[in-house]
1. I'd like the full set of residues that are open to solvent by 20 Å² or more (accessible area, probe 1.4 Å), among the aliphatic types (A, V, I, L, M) and in contact with a helix residue (DSSP H, G or I) (Cβ under 7 Å, 6 or more places away or on another chain), limited to the range 267-295.
2. Could you figure out which of (1) open to solvent by 60 Å² or more (accessible area, probe 1.4 Å); (2) assigned to a helix (DSSP H, G or I) isn't true of residue 467?
3. Quickly run through the range 134-153 and pick out the residues that are open to solvent by less than 100 Å² (accessible area, probe 1.4 Å) and under 15 Å from residue 190 (Cβ atoms).
4. Taking the options 771, 682, name whichever one is open to solvent by 40 Å² or more (accessible area, probe 1.4 Å), among the aliphatic types (A, V, I, L, M) and either in contact with a helix residue (DSSP H, G or I) (Cβ under 7 Å, 6 or more places away or on another chain) or at pLDDT below 90 (or both).
5. Regarding the range 472-490, can at least one residue be identified that is among the small types (Gly, Ala, Ser) and open to solvent by less than 10 Å² (accessible area, probe 1.4 Å)?
6. Six or more apart or on different chains, Cβ atoms under 8 Å: show the pairs whose first residue is in the range 1178-1205 and free of Cβ contacts under 8 Å to residues at least 24 places away in the same chain and more than 17 Å from residue 1161 (Cβ to Cβ) and whose second is in a helix (DSSP H, G or I) and hydrophobic (A, V, I, L, M, F, W, C).
7. Residues 817, 833: which one is open to solvent by 60 Å² or more (accessible area, probe 1.4 Å), closer than 22 Å to residue 869 by Cα and in contact (Cβ under 8 Å) with a residue 40 or more places away in the chain?
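The values are calculated or read from the model by the stated rules, or taken from the named source; none is laboratory data. Quantities reported herein were computed from a predicted structural model and do not represent experimental measurements. FYI the Cβ positions are ideal-geometry reconstructions off the backbone, even for glycines, and counts take in every protein chain you see. What goes into the accessible areas is simple: the full protein's heavy atoms, side chains included, and nothing from ligands, DNA or RNA. Shrake-Rupley method; radii C 1.70, N 1.55, O 1.52, S 1.80 Å.
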Amino acid sequence: MVTKTRTTKHSFLDENGRIQTYEIEEEYQEEVTIDSQSDNPLEKLQNQNENQNQNQNHNLGTFDYVRDDLTIEQINQLITQSERNTNLDPIALPNNRGENRQNEEVLKPEDDPSFVRIKIFGNEYLLFIDRLTLENLFDRDWNKKQLYSGLFLATITAFVSLIVSEYFYGTERIFFCITIATGLYSLLKSVQPDCSSPEPNVKGVSYSRSFYLTLFSILFLIINAVADSVDEDHSIELYSLTFHFDTVFNLILDSFKIIILFSPLIFLFGLFAQPLTFLMYIFEQFNIQFMGGTAAISIFSSILSVILDLIVIGIMYGIGILLIDPNTDNNTNNDDYKFYLFTGLLIFFSYFLSICPSDPKYFKKLIIRKYEALVKEDLEPEDKFDFLPIKKFLIDLLHSLILFIIYFALQFSKIFQNSDFYLAFQIIGICIGFIGHYIINQSRKSFPFMIFSDPILKSLDEDENFEPDGPARKLLFEKIYRFFILFEKFIIFPVIGLSVISQSINESIDLFGIHVTILLSIFTVIKFVRSGFNNGQEHYKILFFLLLFFRYDYKNLSEFSLINLLLVQYLIERLNEAFLKCRFLFIYNAPWTLAIASFAHVILSVLSIAHTALTAVTIFISTIFSMPLSPFIGSGWFLLTYPRPVRYWEKSYRTRRMDASNMKLSKTLSLDAGSSANLNNLNSIFYDHLYVSLRDSLYDDIKFGRLGKVNQGDVFLLSHEKLTALLHISSLGNGFCCYQLRGLEFRGTYCQEREIEEVKATADNSDENYLLPNFPLLSFKYLFFHRWRTWEVINKGLICRSYNVLMNPAEHNFEMYDSRKVLLKYYVSSAIYYLFTKTNVLSLIKNDTVIQSIFNFHDPNYVDGDILTFSQRVDEDFDLAFQGITARSFERVYGDFIRYCVEKYNSKLPENERVRYISLDEWQQLNKSNNKGNNNDNFHNLNDNNNDNNDNNNNNSKKNSNDQSDENKDSSDTDDIELEDQGTNLNQNKQDEMPIAPLVLNLCFAIAVAARRVLASASLTTNNRFRNNSFLDKYYALFKGDLRLNPKDDWIVTDISMLENVIGKAAKVSLSLFQYYFISPKEYNEPKNLFGALEDLEDLTVICAETDPEWRKGIIKEKSSLLSLRRQTEDMDEHHASYYVLQLELRHIKWTAIKINKECVRGLWSSQIQELVYLKNLNAERGSIQRCENVLRNLQNQACDIPTGYPISISPICTSYSKNTSDIFYKSFVKDFYKQDENF
């Protein structure tokens, strides 16, 4: 053996696009004999030259740079030679660098393309820049859209900044240039980390800085132009305050200059949102604050809402200019029908805008569908389209026309100009609102007024001993509450709106002029009336403060009613938000509720005490701009974050469920599907069904006050046993509401379990809550506890249609051999049932391959003694004498059921396609009467005559027809002949062909043996089959669809669908029969009962694995019953698995509804985003998510967007519509309009 060294040369392209090569030297041993050495001096000289050339090559790991001026063919030749471990011929390459490395030309920095020559102040510098350096310096544009948008925004920013720079002087201009530089550079390199980003590590073009710089600069120029056009001496006096226009405009301009100059610092603290979020926020605030609209669910819906509002404003402004007289000397506007037409249209558009949904997808689908129906003549039928939103919209449009006619006519009576009439309706509105929205709502809570321990107005649904058998029933106080709401909507709010504009139109024209008066009238009346149609639960407060403040307390400061109403509406909204923020801050920082989870919390909580004035300013600013109060890293120090819309999460996605349709086959069939991550994926389907179920009932529950007082942005926690979901009301309109559902883990962390226990303990309302025995007053302890929480129990009996989840441990049922014997019996019986219902038995027993495989099964000497498949402990048909399964023992157990299945099978077929079941006793009698010698070489023999056949069959039918129905007795006379060959006429009175084997029995015996072999080989586990875990592993693998065919049963390949349709279905159905066995053990001993149970299970129950797509379809389609087998492993011990029988029953279930302070949710979510995205705190046990029962901190943070939170299910935003609408208009018009739709 001789040790030699060989060199391998490899080539590759580096980051600069040049070919580089390197050599690897390795030693190897080779046998060399003396005879093989040559004495030829020429060969020795050649070997020496080769060794010399080899020594001149580079060492291990060195690079050989090749010139860049090579052709494609030369590069391919280079790579080919390197793959063959041959040395490159340097002479073959043009402009080579020489044979030796000493003569190699080295590129100078001046000639290397990686170096860039830069001149700065007359000096030249060489800057090394390669691909990696460029990617670290600038972001890559992945598409043309990013490139063009960045160039466009950079051009606009530079142009606008150049104009605005004229208004900055001295030091201001230097800071302004720095602001411009940060804005332009952010278009080249995104800021990491970005405090306003909703998710971490988001790379790409950052438009925020440049966008805000351009926006504020344009606004600065517009306001400056308006200020120049306004007279400096012009002023206006409101509420005894004089506002000079020049002072106001100068204040606004100075504010914009400060914002522009300090924008880099503002971005550092994350007070500016992403551009799309900011636009959605601005459009939504315009829709809510000026037009009384609903919240937006997306940027698209917010744009549509603003466009619709601008159209209405334009129409009403044009009508107002034409109809309203600007001359108020004669005071003719109040008595003119033109003015009545204008105010009537205000009511019409108020109702029309209130019925426009926030989600326009239904109208979009309708337009697309109608267009396709016109274009395509042969349009395929689509899925069922939900026309309820279209139907409701058209009906409400008719209602708006009726309202316009009514209030247009009422104005001729001049009742709206009477101040006493206006005062009377104010008082009525205050009383009805106080009774309906406060007294009734508080009386329905679980702890009314935080004083009583039981609901005053209690429904049967809240009774713990009452199980609901249907939807929630409408009680008397709910009907009274609904009457108050309708009376407010259609009478009080329109009357007050018309009275306000009728009594103050002339004063407004005198003060502001015709143009401002028209706009002020549109904004005030439409906002008040439209918001009343949408959700008028806070309007009684507006009327109360309007009456108390401007009629009694500060009567001398009062202006005309139009501007008073607009001001009070805004103040009440801001005060409500400020109250929620203060309540959240006080409860979170209270010493007896403060949850100290880290040392930083201790320090920051103490430091926040000395900054009370700063906290007050923070609350004021956050209330004005609707900005969440964010506890810094979960401590008691509250900071401002960027403003958010009502739908304050910025990621729009839906949790994708993993099942067999989108998973790898190996992953689907593996036994590790019981891990915690996979279990969360399986459990998410229950939240998907709850999300669908709420679509039918949520708005009706809000409408009848079952969720208390509900406003846009409210958050509810729905709890039932293991299910815990966070419900967010994204938008609330007239007859609809938009919501999102977020499901939490079934078995969560320690903090989650403690907070859920606190919620359940509060809802249970034990005797410790009572101040006096049998008297519903809270004790002083719980009076204090309930007030220092950011959540409260609203309803303990909220009825919702959902699935009741029962998980029964399977180990106890399968650990005994008798139980396994019952399961296998049902398994085999189910396989026989599906053999006759899912296959063509006649074609199977005619198939030569099948006949050859099952021909000898009836032989008395045939025994299937597979010790890995059959055992006397679990197989009821096991023959101890033969130590295996025989046809005789099989018929003894399953013969009656096979005969019944044959009768049912024949009853649905014509006579020429029926089959006949022949038992072994009957077969032996037939063989004695037939000539056996003539059939040794054929497949068929002849009977003596047809009468002998009929006599034997009648005897057979008498033996097994005692419990048969009359229908079975009548059909038994015609089902007595077995067809085994085509063309055989069974009704002729002549000798018939008779098979030499009972093929029906043999076929059933074969499928039963094959089914048990599939069970034995279903899993790769090598444990003993009769150990508990091994048996469950095998059965679970078979239940999931791991069907492994044994070579002995290759006859099934003739109809491979039997593997799934017969054996697979039998494995699933047998589990359901096994569950019913413990209820009534002897019920399925009769073939009739067993056959009927199998039919019912096939029609009413979905039985499959949870990863099967049919499981999800069955839940979404609301099947009444579902059954599955679940394997669950512990996180700490993956080798130990527990099995559960999962049963789902669809019914109406009582849920506990807990209302959470929405400002608490917004603040905690914004704090988590800031901590994870900006501060990069990736600690899974960080202090900001630890349990705090007073605010439910862990539950709220868990429901946040991934990766900030970890919910197992996040639904898209859905819309729930009111179901109580009349069908008169629908039947007369809508149905005719859509009559061409087949699915309507």
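1. Passing the criteria: 276, 279.
2. Answer for residue 467: the failing condition is (2).
3. Passing the criteria: 134, 135, 137, 138, 139, 141, 146, 147, 149, 150, 153.
4. 771
5. No: zero hits.
6. 1178/1172
7. Going through 817, 833 in turn, the sole match is 817.
Conditions tested, residue by residue: (1) of a type in the set (Phe, Trp, Tyr); (2) open to solvent by 10 Å² or more (accessible area, probe 1.4 Å); (3) in contact with a strand residue (DSSP E or B) (Cβ under 7 Å, 6 or more places away or on another chain); (4) in contact (Cβ under 8 Å) with a residue 24 or more places away in the chain.
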site	(1), (2), (3), (4)
727	no, no, yes, yes
733	no, no, no, yes
738	no, no, yes, yes
741	no, no, yes, yes
745	no, yes, no, yes
754	no, yes, no, yes
759	no, no, yes, yes
